[in-house]
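Step one of this worksheet: look at the structure below.
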Amino acid sequence: MKVLNSDPFVENITSLNINVIENVKILPRIAVYNIDKRPVEPFSSEQDMREFGSYISNFLYNLSYNKEEILVFLGSFYFALPVFILSYMPCSSNVKFKINEISKEFERNIKLKNSVKLEVLRELKYTENFANFSKAYLVSSILEKFGFNKLTDIPLSKIEELKNKVFGKLSVESNRIDKEIKDVKDLQNLNNEYQVYNAVIKSGKTEKVDKRNFFAHAGFEYNTIELKKENGEIYVRIYDNYRRQAEAYITDDLPKI
């Protein structure tokens, strides 16, 4: 972003300088917050909070709202974990539909009260989790335009493409993912059956997912993923036995408000 500003105009001056007052590179970042609230909550403490809160919960349940999956997806983007980005990527049209339905519900619960003066009463308020919904729609729609979609069995070439298109300008994240891709490519004993990464490298350590290694290795932690090679392509998927543990690491490490 380049910001320019001219010298102030002075009478009888025939030329002015154009000054550069800002010249910065803006890199793609996203702020994600973990908040223990629904995307909409009762606005006023004067209402019967329990009854109205139950109504909201039923509405969101019927909408198949899943806060954790949204947070895992956004957290994967926030921490640059490509396997988890593609594994948890939602369909943008589905997210948009849910955003529209929540917005309609918000508007349906705006009341007009005409007593001494006309009052507009909002019975619902948006929370940070509605913002997370909007961010999930934004990120997923951009990824779809780049040709990505949700995958369970992820070709390593697709992870490399994601790294180049999304994290290529972020040197730390890009270098970290490049190192993991190279290590997987260098493996000699992959076959057409999925094996836990740990079993492939024969480290023997399968007790739990190491949190430091999970983030340091861009989600390619040895107990977290499985690998196979088929028709010349290496495939990666999340190891189900430790999926919940990995999800918890991602969501628990997001900033909380």
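The values are calculated or read from the model by the stated rules, or taken from the named source; none is laboratory data. All values derive from a computational prediction rather than experimental measurement. Note that each Cβ is placed from the backbone with ideal geometry, even for glycine, and that neighbours are counted across all protein chains shown.
Worth pointing out:
- Tally of residues being touching a residue at least 12 places away in the same chain (Cβ under 8 Å), among the charged types (D, E, K, R) and exposed (fewer than 10 other Cβ atoms within 10 Å of the Cβ) across segment 1-24: 2
- Matching residues in segment 106-136 - criterion: being outside any strand (DSSP E or B), touching a Pro at 6+ places or on another chain (Cβ under 8 Å) and either more than 26 Å from Asn94 (Cβ to Cβ) or among the aromatic types (Phe, Trp, Tyr) (or both): Glu123, Phe130, Phe133
- Some residue of segment 144-161 being in a helix (DSSP H, G or I), charged (D, E, K, R) and either at pLDDT below 95 or in contact with a Lys or Arg (Cβ under 9 Å, 6 or more places away or on another chain) (or both): no
- Residue, farthest from Ala80 (Cα to Cα), within segment 154-169, restricted to residues that are touching a residue at least 40 places away in the same chain (Cβ under 8 Å) and surrounded by fewer than 15 Cβ atoms within 10 Å (Cβ to Cβ): Ser157
- Within segment 110-149, restricting attention to residues that are among the small types (Gly, Ala, Ser) and surrounded by fewer than 13 Cβ atoms within 10 Å (Cβ to Cβ), the residue that is nearest to Tyr33 (Cα to Cα) is Gly147.
- The one condition from (1) closer than 25 Å to Pro255 by Cβ; (2) without any contact (Cβ under 8 Å) to a residue 60 or more places away in the chain that Phe146 does not meet is (1).
- When the residues of segment 80-109 are filtered to those that are over 12 Å from Pro39 (Cβ atoms), touching a residue at least 24 places away in the same chain (Cβ under 8 Å) and of a type in the set (Phe, Trp, Tyr), the one that is surrounded by the fewest Cβ atoms within 10 Å (Cβ to Cβ) is Tyr88.
Let's see how each residue does on (1) β-branched (Val, Ile, Thr); (2) over 25 Å from Arg212 (Cα atoms); (3) modelled with pLDDT of 95 or more:
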site: Ile26; (1), (2), (3): yes, yes, no
site: Lys37; (1), (2), (3): no, yes, no
site: Pro42; (1), (2), (3): no, yes, no
site: Gly75; (1), (2), (3): no, no, yes
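- Residues being under 27 Å from Ile70 (Cβ atoms), modelled with pLDDT under 95, of a type in the set (Lys, Arg) and surrounded by fewer than 17 Cβ atoms within 10 Å (Cβ to Cβ) are entirely absent from segment 186-205.
- Residue count, segment 207-218 (criterion: modelled with pLDDT under 90 and loosely packed, with under 15 Cβ neighbours inside 10 Å): 2
- Members of segment 228-256 found to be more than 16 Å from Leu81 (Cα to Cα) and not small (Gly, Ala, Ser), listed by number: Lys228, Lys229, Glu230, Asn231, Glu233, Ile234, Asp240, Asn241, Pro255, Lys256
- Selected residue [in contact with a Leu (Cβ under 6 Å, 6 or more places away or on another chain) and over 25 Å from Ala31 (Cβ atoms)] from Ile234, Ile181: Ile234
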